[in-house]
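The values are calculated or read from the model by the stated rules, or taken from the named source; none is laboratory data. Keep in mind it's a predicted model, so treat the numbers as computed, not measured. Neighbour counts are summed over all protein chains in view; Cβ atoms, including those assigned to glycine, are modelled from backbone coordinates with ideal geometry.
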Amino acid sequence: MNTGDPNIMDPNRVIIFDTTLRDGEQSPGASMNLEEKLQVARALAELKVDVMEAGFPIASPGDFEAVRAIAAEVEGPIIAGLARCQKNDIDRAWEALKESSKPRIHVFLATSAIHREFKLKMAKEEIIRKTREGVAYARSLCRDIEFSAEDAARTEPEFLGEVIEAAIDAGATTVNIPDTVGYAMPAQFSDLITYLKAHVKNIDQAIISVHCHNDLGMAVANSLAAVQAGARQVECTINGIGERAGNCSLEELVMALRTRHDFFGVDTNINTRRLFPTSQLVSNTTRLHVQRNKAIVGKNAFAHEAGIHQHGVMMNKETYEIMKPEDVGIKSNEMVLGKHSGRHAFRQWAEDHGYNLSDERLQKAFENFKILADKKKELFEEDLQALVEGAFFDRDTPWKVLSTQISTGSAGLSTAAVTMKNSDTEKITEEAACGSGPVEALFKAIERVVGISLKLKSYQLQSVTRGKDALGDVTIETVIEDQVYQGRAVSNDIIEGSGHALINVLNRHLNRKKATSSVAETVA
């Protein structure tokens with residue numbers, strides 16, 4: 001028999017009742033096998049949840065075996081099993097739980113008018129009688145009994161009070177007030193908890209719990225409102241998974257209580273540094289992916305792209321972060337470099353990765369970064385490395401390509417038209433050429449504009465990043481006037497990249513000739 005946790009009645013602590021393995025698993029497509037349930041149960045124990053609802057033993061043989069295995073193997077939390085308010089359910093739950101050092105039988109019965117009339121077809125008096133009988137029988141087997149009044153938020157407060165009083169009289173040590181269909185509003189739900197505290201004469205003999213669903217997106221808000229009104233147990237799930245739109249999200253509730261301790265004045269026993277790893281485990285196990293903008297554990301939760309935000313965070317993290325990522329198990333925040341990012345963040349990224357750029361090279365790399373960021377939805381590390389490294393092999397550029405137009409197909413010649421500018425003379429020149437492929441046509445057109453012929457010894461193209469819009473790294477080796485030159489360019493348009501690689505070669509040749517001429521004139 002369970003003797004109970006001596007700290008569980010602490011008014012300054014909120015008990016975290018995790019129902020990921022029961023209500024969470026009821027999400028369509030989220031079913032777990034026995035080994036997966038045990039893996040998640042061990043993670044929840046490391047997270048230090050106070051109560052772990054392992055399943056609904058009578059629902060299926062698999063659920064029964066999972067609850068029994070978790071009860072026998074997992075130490076630390078109270079292990080709960082769900083049962084309807086009837087003897088065979090309760091017997092099955094106890095059979096599954098009895099090997100636990102901390103078992104809890106969780107019995108439930110619907111109380112709202114719509115459930116009484118259409119689902120149960122019971123009068124109020126029968127609801128109260130069945131509540132007494134079910135709780136009393138469960139209490140004869142186990143000392144830790146929780147009673148839930150299903151659809152409590154839509155139940156008449158006076159009748160709900162009578163049911164709760166009967167449950168406590170019969171031996172319930174925790175009474176749960178569910179918002180089963182996510183119908184309540186925070187102020188309304190807070191008023192309901194306040195009403196029960198004021199009108200149920202034996203309410204101080206049990207812990208008030210809440211279990212809120214998220215159909216209107218209010219699960220966490222309603223749970224927090226209930227805590228403010230005096231509830232001291234909250235039922236929740238990792239990532240907020242559960243029936244329909246899900247449950248109160250454990251990580252959001254816990255971090256709200258921790259971050260706003262000044263407001264709520266209560267603590268939890270949760271090891272918050274295990275929140276993100278546990279979220280990842282549940283996501284991978286259930287195959288229910290966490291949305292990018294999910295609070296606390298989403299990919300964007302501690303990511304900053306806007307330049308103003310990035311600059312603020314670099315000066316002082318508290319400008320835009322009210323929590324430390326390390327406190328929820330994330331290694332650090334992330335400066336996402338995208339089209340909204342500013343020069344400060346780009347320079348910081350370059351310095352953090354060992355690149356010491358001059359102001360001129362930084363400006364060049366930053367300009368290219370902005371152009372690429374407009375083209376790609378997501379920039380990868382390799383993209384940024386390629387851009388910054390490109391700033392090192394950029395030289396004085398007598399010629400620049402302003403635009404290209406390529407026409408190619410499976411039959412016939414390819415054609416290329418280029419518009420180029422000479423930075424020395426400011427002259428803009430247009431030219432066109434044909435070739436057996438688009439790269440040859442482009443190279444011929446550029447050679448005509450610059451007035452230099454070259455021999456292409458090698459042409460290499462490889463992807464340096466991921467995705468369909470990946471950057472292509474073009475490297476060419478050429479011979480001009482018996483001198484070997486290598487050129488390189490990076491672009492997500494491989495034809496454009498090929499043109500820039502060639503221009504890189506031609507400009508280097510022209511710069512070399514200019515430098516040679518200057519030396520010759522000085523000697524003369």
(request) Would you check which residues across segment 182-198 are more than 18 Å from ARG232 (Cβ to Cβ) and either surrounded by 23 or more Cβ atoms within 10 Å (Cβ to Cβ) or free of Cβ contacts under 8 Å to residues at least 60 places away in the same chain (or both) and list them? (result) TYR183, ALA184, MET185, ALA187, GLN188
(request) Check whether at least one residue in segment 168-175 is surrounded by 21 or more Cβ atoms within 10 Å (Cβ to Cβ) and part of a strand (DSSP E or B), and report yes or no. (result) yes
(request) For residues that are modelled with pLDDT of 65 or more and either crowded, with 19+ Cβ neighbours inside 10 Å or in contact with a Pro (Cβ under 8 Å, 6 or more places away or on another chain) (or both), tally how many sit in segment 295-320. (result) 4
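Take the residues of segment 129-162 that are aromatic (Phe, Trp, Tyr) and assigned to a helix (DSSP H, G or I): which is surrounded by the most Cβ atoms within 10 Å (Cβ to Cβ)?
Within segment 129-162, the first condition is being aromatic (Phe, Trp, Tyr), and the residues that meet it are 137, 147, 159.
After this cut, where a residue has to be assigned to a helix (DSSP H, G or I) as well, the list is 137, 159.
On the way: TYR137: 21, PHE159: 17.
Filtering first and then ranking leaves TYR137.
Give the residue that is nearest to LEU82 (Cα to Cα), with candidates limited to residues of segment 42-57 that are buried (at least 24 other Cβ atoms within 10 Å of the Cβ) and under 24 Å from the mean Cα position of the chain (by Cα). Write out each step before concluding.
Taking segment 42-57 and keeping what is buried (at least 24 other Cβ atoms within 10 Å of the Cβ), we get 44, 47, 49, 51-57.
Checking which are under 24 Å from the mean Cα position of the chain (by Cα) leaves us with 44, 47, 49, 52.
Numbers: LEU44: 18, LEU47: 22, VAL49: 17, MET52: 11 Å.
Taking the candidates together, the pick is MET52.
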(message) List pairs: first residue in segment 145-166 and at positive phi, second residue of a type in the set (A, V, I, L, M) anywhere in the structure, Cβ distance under 7 angstrom, at least six positions apart or on different chains.
(response) ASP151/ALA110; ASP151/VAL181
(request) State all residues of segment 149-175 that are hydroxyl-bearing (Ser, Thr, Tyr) and touching a helix residue (DSSP H, G or I) at 6+ places or on another chain (Cβ under 9 Å); if no residue qualifies, say none. (result) THR155, THR173
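Among the listed residues GLU431, GLU440, GLU447, identify the single one that is in contact with a helix residue (DSSP H, G or I) (Cβ under 6 Å, 6 or more places away or on another chain) and either touching a residue at least 60 places away in the same chain (Cβ under 8 Å) or outside any loop (DSSP other than H, G, I, E, B) (or both).
Working: GLU440 fails: in contact with a helix residue (DSSP H, G or I) (Cβ under 6 Å, 6 or more places away or on another chain); GLU447 fails: in contact with a helix residue (DSSP H, G or I) (Cβ under 6 Å, 6 or more places away or on another chain).
One residue alone meets the criteria, GLU431.
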(request) Please state which of the following conditions GLU36 fails to meet, knowing it meets all the rest: (1) surrounded by fewer than 24 Cβ atoms within 10 Å (Cβ to Cβ); (2) over 26 Å from LEU281 (Cα atoms). (result) (2)
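Residue by residue through segment 62-92, note down the ones that are in a helix (DSSP H, G or I) and under 23 Å from ALA152 (Cα atoms).
LYS87, ASP89, ILE90
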(message) When you scan segment 467-475, do you find a residue that is touching a residue at least 60 places away in the same chain (Cβ under 8 Å) and surrounded by fewer than 16 Cβ atoms within 10 Å (Cβ to Cβ), even just one?
(response) yes
(message) If LYS121 meets every condition in (1) basic (Lys, Arg); (2) farther than 13 Å from VAL107 by Cα; (3) under 42 Å from the mean Cα position of the chain (by Cα) apart from one, which number is that one?
(response) (3)
(request) Among residues belonging to segment 270-293 that are buried (at least 19 other Cβ atoms within 10 Å of the Cβ) and without any contact (Cβ under 8 Å) to a residue 60 or more places away in the chain, point out the one that is farthest from the chain's Cα centre (by Cα). (result) THR272
